[in-house]
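Peer 1: Have a look at the structure that comes next, please.
The values are calculated or read from the model by the stated rules, or taken from the named source; none is laboratory data. Here the structure is a predicted model, which is why all the values come from computation and not from measurement. Positions of Cβ are generated from backbone atoms using ideal geometry, with glycine treated the same way; all protein chains shown enter the neighbour counts. Areas reflect the complete protein model, heavy atoms only, side chains present, ligands, DNA and RNA absent. Shrake-Rupley method; radii C 1.70, N 1.55, O 1.52, S 1.80 Å.
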Amino acid sequence: MLVPGRKPSWQQRLRQTKAIDALKAGRPDLFPLGEVQRIANWLLKEKSPTSTFKKRQIIPRTEECDQILANELSTVKGELHVHEAAIITFLPLLSYDQARGQVFSIRPSSVPDPYDIFFDHKLSAYLQCIILSRHANSDACSEDEVNAAQELLGVARGAAKDFPSILRLLRAVGHETCEALLPVALVKKVLKKSHYRDNLIRELESLRRQRKWFDAYKLSYELRDVADLPRANKLLQDIFPQYPMWASWRPNVQRITSWEGAHLAPYRAKLGPVLDLEGPDTTGQQRGTLRMSSPGAFAGLGRPEFSSDRHILDRLLEALDTCLSIGPSSVDLLIALCIESNSLSNRSLAQVVSALELRDDPSSQALAGLVRCVSAPTTTPNSNTWAFSSALPILTAHPHLRSNFGAVSEIARRAPAALSTAQRQFCQSLAESRPSERLADSILALGSTLLKAHWLHGYWQAAYVDMLCNLPTGQEMRVMLNMLENTPSPTTRLASPLSTSSSSSAATAFTTPSTPPTPIVITEDPVWYSKLDIERDSLRRLFRGPAMRELDTKITTACLKQSLAEPDGFVREVSCILIGNTDQVCVNLAKFLGNWAPEAAVATIGARVLHGCWTDLLLDLMRKRPPGMLERCAERLTLRTWETWLEDLGRLYPDHRYLEQGVSGFTDQRIEGLTLMKRRSEPWGTGTRGGANP
């Protein structure tokens, strides 16, 4: 409390600064060193004795100065944060011994005391005192002590919870010079309160389980250097009991870095036993990696053949490195040969190496499928046929791979079996009237592949090879599928050649086959199964649909072929009109085509010519309508629409073919009579425009 007329004491002056607040906040960077040092200088000047003629100055860092300042510090002893702030204030004026003694006097107890509720506050103020001594009195605390205090303050405040922070702390407190101010017991107490032991063990164990070796390496690679410091070694034994395993770990850094990419993520679980080999030695022998600990069997890798090659695990990791440089399918091939088979051996590695010599990831994918198909055939015919169709061309082109990927006799047996299974399923789909084009394509692809694999023909009967030669082509198969889909009546006739081509069992490869299959004769125009753009394909689907199925096939074929020469807009409009086979569709189509043929059956508009197939199509649509079409149109069309329709028919058929060629009920007399009747009963332009859908 300030008393009027009296100078404030140094304690009052100190409390008026932000020094105490900075210590409470744990922010040594905010401590006002310059301001408090002026207070210390003022106090020393005030305490200087006076003589008769002059005032004698007290010299800093002398015994006299130490005694005076020590007495002053005793006045605030026990006041948390005030006492520490006062020590920092006087540090520049104290001798080395007195300065260290004052700092040492505020060191918290290293003995665990659950009742010391102010331990955290006292520790924070104490560490800040050491840190600020660097600027207040550089002789009071060594550089190692200051660095150690900074790291320990971060840990105590919870601002440094990662593994690198503990390494920095261990490196800082590892020097013997820190023992006086920061004894091992005190550091252990701080780390225990911060749960560093549990956090570090949990973090590294999580990385080990996930085989994230590069992340683990970044955390632990400095451990071996820190462990050489005597004090750090004592701390490690207490807070990190597994440190010998991690400190001795010497992985191939380039290798574990390559394992961090996203391309390995889908296979990380299956590759676990392989990735473990480059991890730390969990056997307790403190070798550089797990694969160096012993030549025994490792989980998931079967029983490696070490009798002929003690470095088989090294070769396995080298093969994985090569796989990653090629692509993900090469990694999958290694998994199929060395892990899924549970048999790591020189042979399986030789298979991998021979395939990797191609340096082609799609080839690796095909060979992986072959390995799985031969070892454990799936129940899905498409999978088996794809495996052989993809892999056999590779074995045909590279003879040196044949012996590495299964016995040739085994492939010669399983490939026809896969083809036979797919053929039986295809025949079943035919019987159920839902043939699968995808399955048919896979059958033809495998059949073509087997036919080209001449190195397998010696294992088969000649008649089986003849059967492969007589399999239909892709074009023939699509014709048959189109006919089955759109023409129900000849299903039984079409099923016969398909079944004949697809019914040869795998046994016929090694026994006398049945009668050779009947050749397939294509009677349908290619336009019905060729690939078309969206407009023409939409028109083709309409012609194939139930509403148009009764139309003359010659006419619809001619229209479909002519559509290739027509503008897209023309084809699109025709498709929009042909929504079914109704009276209104006939009226609308006549109106659209009439605009293209103003004077004759074949007329020119600009450079375009209306082909006769379109008028034939309209005429065939009208023929297929039930009797009474003329009367229905007269009843439902307005007079304007009726007369426009008759005019359109006149332009399209100037020879009146629609009267002469069997459109039921269409005669001149009947048309004239209905027209006269509509003119009498209906004023021009009245009624529903366009009429209803007759």
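Peer 1: Looking at segment 206-282, what helices (runs of 4 or more DSSP H) fall wholly within it and have at least 1 residues that are closer than 19 Å to D321 by Cα?
Peer 2: Numbers: elements: 213-220, 223-226, 230-239, 243-247, 253-258, 272-276.
It comes to 213-220, 253-258, 272-276.
Peer 1: Between a first residue in segment 666-677 that is under 21 Å from P626 (Cβ atoms) and a second residue that is open to solvent by 60 Å² or more (accessible area, probe 1.4 Å), which pairs have beta carbons less than 8 Å apart while being 6 or more apart in sequence or on different chains?
Peer 2: Final answer for the pair search is L674/E631.
Peer 1: Restricting to segment 293-310, give me the number of residues that are at pLDDT 55 or above and polar (S, T, N, Q).
Peer 2: Result for segment 293-310: 2.
Peer 1: So I87 passes all but one of these: (1) surrounded by 12 or more Cβ atoms within 10 Å (Cβ to Cβ); (2) free of Cβ contacts under 8 Å to residues at least 24 places away in the same chain; (3) part of a helix (DSSP H, G or I). Which condition number does it fail?
Peer 2: With (1) surrounded by 12 or more Cβ atoms within 10 Å (Cβ to Cβ); (2) free of Cβ contacts under 8 Å to residues at least 24 places away in the same chain; (3) part of a helix (DSSP H, G or I) applied to I87, the lone miss is (2).
Residue-by-condition table, conditions (1) modelled with pLDDT under 90; (2) part of a loop (DSSP other than H, G, I, E, B); (3) of a type in the set (K, R):
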| site | (1), (2), (3) |
| --- | --- |
| N581 | yes, yes, no |
| L589 | no, no, no |
| C613 | no, no, no |
| M622 | yes, no, no |
| P626 | yes, yes, no |
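Peer 1: Only one of E535, E485, E476, E550 is open to solvent by 30 Å² or more (accessible area, probe 1.4 Å), part of a helix (DSSP H, G or I) and at pLDDT 80 or above; which? Outline the logic, then answer.
Peer 2: Working: E485 fails: at pLDDT 80 or above; E476 fails: at pLDDT 80 or above; E550 fails: part of a helix (DSSP H, G or I).
Selected residue: E535, the only one of E535, E485, E476, E550 that is open to solvent by 30 Å² or more (accessible area, probe 1.4 Å), part of a helix (DSSP H, G or I) and at pLDDT 80 or above.
Peer 1: What pairs come out if I take residues in segment 207-218 that are closer than 14 Å to R250 by Cα and pair them with residues that are polar (S, T, N, Q) and in a helix (DSSP H, G or I) whose C-beta lies under 6 Å away, six or more apart or interchain?
Peer 2: Going by the 6 Å Cβ cut-off, the qualifying pairs are F214/T257.
Peer 1: Now, a different point. Being modelled with pLDDT of 85 or more, within 25 Å of the chain's Cα centre (by Cα) and open to solvent by less than 30 Å² (accessible area, probe 1.4 Å) narrows it down to one of L313, L290, L271, so name that one.
Peer 2: Working: L313 fails: within 25 Å of the chain's Cα centre (by Cα); L290 fails: within 25 Å of the chain's Cα centre (by Cα).
Answer to the check: L271.
Each row is one residue, and each column tells you yes or no for (1) at pLDDT below 85; (2) under 30 Å from T257 (Cα atoms); (3) under 36 Å from the mean Cα position of the chain (by Cα); (4) part of a helix (DSSP H, G or I).
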position	(1), (2), (3), (4)
S124	no, no, no, yes
C129	no, no, no, yes
L132	no, no, no, yes
V146	no, no, no, yes
L167	yes, yes, yes, yes
T177	yes, no, no, yes
A180	no, no, no, no
A185	no, no, no, yes
K192	yes, no, no, yes
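Peer 1: Going by the conditions given, is L229 surrounded by fewer than 20 Cβ atoms within 10 Å (Cβ to Cβ), closer than 19 Å to V173 by Cα and either out of contact with any strand residue (DSSP E or B) (no Cβ under 9 Å at 6 or more places or on another chain) or not charged (D, E, K, R) (or both)?
Peer 2: yes
Peer 1: To continue, here is another question. In the set S343, S409, S330, which member is among the small types (G, A, S), open to solvent by 10 Å² or more (accessible area, probe 1.4 Å) and assigned to a helix (DSSP H, G or I)?
Peer 2: Of S343, S409, S330, the one residue that is among the small types (G, A, S), open to solvent by 10 Å² or more (accessible area, probe 1.4 Å) and assigned to a helix (DSSP H, G or I) is S409.
Peer 1: Would you confirm, using the coordinates I've provided, whether L367 is over 20 Å from F388 (Cβ atoms), assigned to a helix (DSSP H, G or I) and open to solvent by less than 10 Å² (accessible area, probe 1.4 Å)?
Peer 2: no
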